[in-house]
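Enquirer: Input: one structure, supplied below.
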Amino acid sequence: MELATIGAYDDAETGLVGVDRQSLTDADAEGRRLVLEWMTDAGLEVTVDEMGTMYGRREGTDPTLAPVMAGSHIDTVGTAGAFDGCLGVLGALEMVRSLNEQGITTRRPLLITAWTEEEGVRFGTDMLGSAVAAGRLTLDHAYDLTDASGLRFGDELARVGFRGDRPVRLDPPHAYVECHIEQGPVLLHEGCAVGVVTGVQAISWQKVTLRGRAAHAGTTPTELRLDAGLAAAQVVVKVREMVDSGRYGRLRATVGHIATSPGMPSVVPDRAELTVDLRNPDDEQMAEAERDLAAFLAGLPGLQPAAGLRVETERMAKTHRVVFDERVQDTIADVAADLGLQDVRLMSGAGHDAQEIAAIAPTAMVFVRGQHDGISHSPREYSTPEDCAAGVTVLANTVLRLAEEAA
Ligand code: HGY
Ligand code: MN
Ligand code: MN
């Protein structure tokens, strides 16, 4: 809750206090410094990598063994609550504090982490820090990403003082476990405090730019118009029609950003920009949805009264469906059972850093039940202290078991 005061704002839509701590902003930097202080106070050996990802290492009795990792992210979307990502970072930190208090030293070292730019809402690609650590994206690609005002990731990283010197490519850990709020209604409806995550659905983000022709709203006959705003609206309706058609399985589609210019009442918009976020648990159906949307976008000029509408698309993010490690899943489930917690296995609707680390190490996640239908990316996001404690206790005991494994 203290971390959530950093980047806090009064949310007009909900009347609640939300959090806006987008990556590499001054608010993010302040939050990072607070978490680093907490990590240091907990006796962790703190390092920052070339992407700004923060690591805290706790030595084991056998320092030659690969560590067990636990973590998440502390950057947020613009209308966040207090839990998305933060629960997993601070939960891992609480695990360390608890081990300190109990005088427990694990066999394997522990490495807790806070990944940079998990949300991707500022620089346009989510899970950025963990994707570079695991090798899916390169450091140079990440450094050259720019935000809406043209500021470059690499420059912002240096500006806020988090361009660390720890080499960014991560040596594969023995295992990685992430505790995260579910951000959906399943655990609430199943009556479970925690869930075992089986994997993450596919994600596709693209930016669409539509160029029409500015014209007078009063004098220009409809048949002479090249209306970028009309084209943008047609895209919004089309992606919802695709979802409702059932042709693409459990497709979800969102136009989160849509803007027309010049944005004046008496001028036909000459330009529109929008983002399309597609999600699908099935890679084939995702590919089919992307193909059909691309065909629709190519046909947009034909839906205009006049000829000449230009359509540009730019890929922002793309990840395939990821399946988590069965053995780590089973360890989480066994720990939950030992703690008397009923659990359910479910796929994640949201992207997570764990999906990137799954490419280099056995990985799985613990979900924590959310209230209010599990709403997230909203100041209404809320999980009870009891449910957070249940999730973090499952995380800690899972890490403990994995940290005693020899091979
Ligand atoms: O986009 C996502 O699913 C995550 O919140 N980064
Ligand atoms: Mn998250
Ligand atoms: Mn999120």
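Any read-out appearing in this document is the output of simple, stated calculations on the displayed coordinates, not a laboratory observation. Bear in mind that the values here come from a model prediction, so they are computed numbers and not experimental data. Here Cβ is always computed from backbone atoms with ideal geometry, including for glycine, and neighbour counts include all displayed protein chains.
Enquirer: Please give the length that would be gained between Y9 and H372 if that part of the chain were fully extended, namely 0.36 nm times their separation in residues minus their C-alpha to C-alpha distance (nm, one decimal).
Expert: 128.6 nm is the gain from fully extending Y9 to H372.
Enquirer: Want the number for V323 to D292: 0.36 nm per residue separation, take away the alpha-carbon distance, what's left?
Expert: Contour length minus the Cα-Cα distance gives 8.6 nm.
Enquirer: What value, in deg cm²/dmol to 500, does the helix sum -39500 (n - 2.57) over DSSP H runs of n ≥ 4 give at 222 nm once divided by the residues of the chain?
Expert: It comes out at -10000 deg cm²/dmol, rounded to the nearest 500.
Enquirer: Take V344, project a point 7 Å from its Cα along the Cβ direction, then tell me which residues of the range 362-380 have their backbone nitrogen under 19 Å from it.
Expert: Under 19 Å, as judged by backbone N against the label point of V344, lie 365-376 of the range 362-380.
Enquirer: Then there's this: Over the chain, what per residue volume does the convex hull of the Cα atoms give, in whole Å³?
Expert: Convex hull volume per residue, Cα atoms: 141 Å³.
Enquirer: At what distance in nm do the modelled label points of D140 and A259 sit from each other, each positioned 7 Å from its Cα along Cα→Cβ?
Expert: 3.0 nm
Enquirer: At 0.36 nm per residue, and after removing the present C-alpha to C-alpha distance, how many nm does the segment from R152 to V236 gain when stretched out fully?
Expert: Using 0.36 nm per residue and subtracting the Cα-Cα distance, I get 27.3 nm.
Enquirer: Residues in the range 348-375 near a label at E405, defined as backbone nitrogen under 13 Å from the 7 Å Cα→Cβ point?
Expert: 361-365
Enquirer: Starting from the exponent 0.38 and prefactor 2.2 Å, build the expected Rg for the range 202-319 from its residue count and divide its actual Cα Rg by it.
Expert: After normalising by residue count via 2.2 N^0.38 Å, the value is 1.11.
Enquirer: Write down the Kirkwood hydrodynamic radius of the range 75-115, to one decimal in angstroms, obtained as one divided by the mean of 1/r over all alpha carbon pairs.
Expert: By the Kirkwood definition, the hydrodynamic radius is 11.8 Å.
Enquirer: Based on the Cβ-Cβ distance from R159 to T47, what FRET efficiency comes out when R0 is 25 Å, to the nearest 0.05?
Expert: 0.80
Enquirer: About the Cα centre, and with charges only on the beta carbon of Lys, Arg (+1) and Asp, Glu (-1), how big is the dipole of the range 1-70? Nearest 20 debye, please.
Expert: 240 debye
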